[in-house]
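> Handing you a structure now.
Rule-based calculations on the coordinates, nothing more; no lab input. All of these numbers come straight from a predicted model, not from anything done at the bench. FYI the Cβ positions are ideal-geometry reconstructions off the backbone, even for glycines, and counts take in every protein chain you see.
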Amino acid sequence: MTLDLALSVARSGLRLLDRQMARTADDIANAGTDGHTRKIIEGKALSAEGIGIGVRSLPVARDVDLALQAAEMRAGGDVAGAALRTDLLAAVETAHGRPEDGDSIGGLLSALRADFISLREAPEDPIRRSAVVSAAGDLAARFNGVSTALEHTRQAAHDALVDEATAANAALAEIAGLTVDIRRELAAGRTAADLEDKRDLALGRLAESLDISVIRGNMGDVTIVARGGMVLPLDGAPAFSVTPATVGVGAWHGGAGTLPGLMLRGEDVTRRVIGGRMAAAAELRDLTLPRMQAELDLAAAHTAARFEAQGLRLFTDAAGTVPDVSLPYPGGPMLGFAAAISVSSAVAADPRLVRDGTHAVVAAPGGATAFTPNVPGGPTGFATLLDRVLDFTFGANVATGSAQPAIPTGGLGPDGTLVSALSGLASLESYGGALVAAQSGARAEAEAARDRASALGDLLGTRMQQRSGVDVDKEVAAMVELQNAYTINARVIATIQAMWDALFGAVR
């Protein structure tokens, strides 16, 4: 090896070490920067005819575990979706009241029965009659309040779906722009590692909207596939769209429904999107909240109907009508009844009717037995209606030996496609208690899911930081090693320089 070649080899080593030291310093400086990953610069040995001629610096590359990164992004989407469900369902839980305080639907039904029991002990007491009417008003108001909360929450879910479409489009546009920049840098032989970090941050934001998989190409290209097989376009134009709309109790999505869907370039993908806030918002709007509304409407309608069956029209809608619970829920009188239920104007005006009855009942096979109301001026101790209410309205039977009409579990929702899990509950109090437990508990379930996903996300984030993040202590140690290598290369150059000086001295 000639002195010229030895000098060239040593100088190439110094250039590689110089770049590696600059890389290490940059990693240390950006240790706290969001999304920054550890970078590496490797050298490639050069030779000619079997003789080493130096080392060439390779482009800066990221030291990233892509599988771990994908798992972390999926966990982030799970956290975002569960957090949205938790936030929206909190309003429903609040509207139901606190069961332990006795002001939930189940508790108010029990309180109403207790007031009827108290009135049965003294049917002539006007204060006790007024107490029954007041308790009935509290129950109707609770039905109204929960129904309003469900309607507002469903509207919020639709608005969230609109917002998520906008957020996903913004993330896709940013990813598309960064991909163009990355391809340009790589084509020019330059590094694009920092741009790839920025693109990963945008991919993480997109993963919060919906579950995605990222397929990476050799020249900086990426293909984004949403779970369910949807390939997301990266041409910079908006991909998702949802039309803003007012969500009414009778609105639904799909078929002849009036609610707009989540569109991907003109194709309705509402039922195909999985994971993230998009799927959570769509599920709440189209499945969870309409089912809750149906359960609430059924509870209100069957409460009114069971009083009606015994001769007391205690609850009606604004028109004074009691819904026919034998009709299907979709498009029928039970749809939205929880929002309209109130104490009938006749009973509110004359509380004596809770003792005397409002109308006669004709006996029917499988139905209630015959009943004749107390006549005006009749006995103040009239208790026939009160016994019927306590034995049958609040009981599992409409008459001795005849079961109450079952509260439906299928054919629910505005389109009749939803199913409730509240089955086998014969009495009003048992159905009301189960309804409150299920609907109030939905928020706690969502919160528990969020906490589990968050714990997993934190674990994956920690491992990702350990594997691909910047460890300042390790980088400082690496800097010391590079410094030692730099010193040795400098000594080689100094030695070669001394040999050149000796050679020139000998020539002179």
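> Beta carbons within 10 angstrom, averaged per residue: use that to sort the peptides 77-90, 348-361, highest first.
Top to bottom by mean Cβ count within 10 Å: 77-90, 348-361.
> Using the Cβ atoms and a cut-off under 14 Å, what net charge is assigned to the surroundings of Leu108, where Lys and Arg are +1 and Asp and Glu are -1?
-3
> Moving on to the next point. Would you kindly state how much longer the chain becomes between Ser326 and Val225 on full extension, computed as 0.36 nm times their sequence separation minus their alpha carbon distance, in nm to one decimal?
Stretched out fully, the Ser326 to Val225 stretch lengthens by 31.6 nm.
> Could you check what % of the DSSP bridge pairs in the stretch 69-455 are antiparallel, to the nearest 5?
In the stretch 69-455, approximately 95 percent of DSSP beta bridges are antiparallel ones.
> How much length, in nm to one decimal, is gained on full extension between Glu121 and Ala383, taken as 0.36 nm per residue of separation minus their Cα-Cα distance?
My answer for the length gained is 93.4 nm.
> Compute the whole-percent fraction of alpha carbon pairs in the stretch 249-321 spaced more than 21 Å apart.
Looking at the stretch 249-321, the distances longer than 21 Å represent 46 percent of pairs.
> Another one. Count the net charge of all other residues whose Cβ sits under 11 Å from the Cβ of Thr86, scoring Lys and Arg as +1 and Asp and Glu as -1.
Cβ neighbours under 11 Å give a net charge of -2.
> Next question, about the same structure. Using a Förster distance of 35 Å, how high is the FRET efficiency between Asp159 and Leu459, based on the Cβ-Cβ distance and rounded to 0.05?
0.60
> Separate question: Return the long-range amide H neighbours of Gly411 (sequence gap of 5 or more, or a different chain), with a cut-off of under 5 Å between placed amide H atoms.
Leu418
> Give the calculated FRET efficiency between Ala188 and Gln466 to the nearest 0.05, with a Förster radius of 30 Å applied to their Cβ-Cβ distance.
Once rounded, the FRET efficiency stands at 0.35.
> Also, quick follow-up: What FRET efficiency do you get for Thr148 and Arg98 if R0 is 22 Å and r is their Cβ-Cβ distance, rounded to the nearest 0.05?
0.75
> Once you have a ≥ b ≥ c as the square roots of the Cα gyration tensor eigenvalues for the stretch 69-455, tell me rounded if a/c is under 1.5, and otherwise prolate or oblate according to whether a/b is larger than b/c.
Judged from the Cα gyration tensor, the stretch 69-455 comes out prolate (a/c at least 1.5, a/b above b/c).
> Sticking with this one: Order 174-184, 372-382, 334-344, 223-233 from most to least packed using the mean count of other Cβ atoms within 10 Å.
Ranking the peptides 174-184, 372-382, 334-344, 223-233 by packing returns 334-344, 174-184, 223-233, 372-382.
> Post the alpha-carbon centroid distance, the stretch 236-302 to the stretch 393-425, in whole angstrom.
Each part's Cα centre sits 26 Å from the other's.
> Starting from the Cα gyration tensor of the stretch 328-373, take the square roots of the eigenvalues, sort them a ≥ b ≥ c, and report rounded, prolate or oblate (rounded when a/c is under 1.5, otherwise prolate if a/b is larger than b/c, else oblate).
It is oblate, given that a/c is not under 1.5 and a/b is not larger than b/c.
> How much length is gained on full extension from Ala346 to Ala114, taking 0.36 nm per residue of separation minus their Cα-Cα distance?
Result: 81.3 nm gained on full extension.
> Give me the one-decimal nm value for the distance between modelled label points at Ala426 and Ala364, 7 Å along each residue's Cα-to-Cβ direction.
Result for the modelled spin labels: 2.1 nm.
> While we're here: Which whole-Hz couplings ³J(HN,Hα) result when phi for each residue of the stretch 277-291 is put into the Karplus expression 6.51 cos²θ - 1.76 cosθ + 1.60, θ = phi - 60°, listed in order with x for Gly and Pro?
Calculated HN-Hα couplings, in order: 5, 4, 5, 5, 5, 5, 5, 5, 5, 9, 10, 5, 6, x, 5 Hz.
> Which order do the peptides 271-282, 431-442 come out in when sorted by mean C-beta neighbours inside 10 angstrom, highest first?
271-282, 431-442
> Between Arg271 and Ala444, what is the spin-label point distance in nm, taking each point 7 Å from the Cα along the Cα→C-beta axis?
Distance between the two pseudo-spin positions: 3.3 nm.
> Around Ala122, what is the net charge, scoring Lys/Arg as +1 and Asp/Glu as -1 over all other residues with Cβ under 14 Å from its Cβ?
Neighbourhood net charge equals +1.
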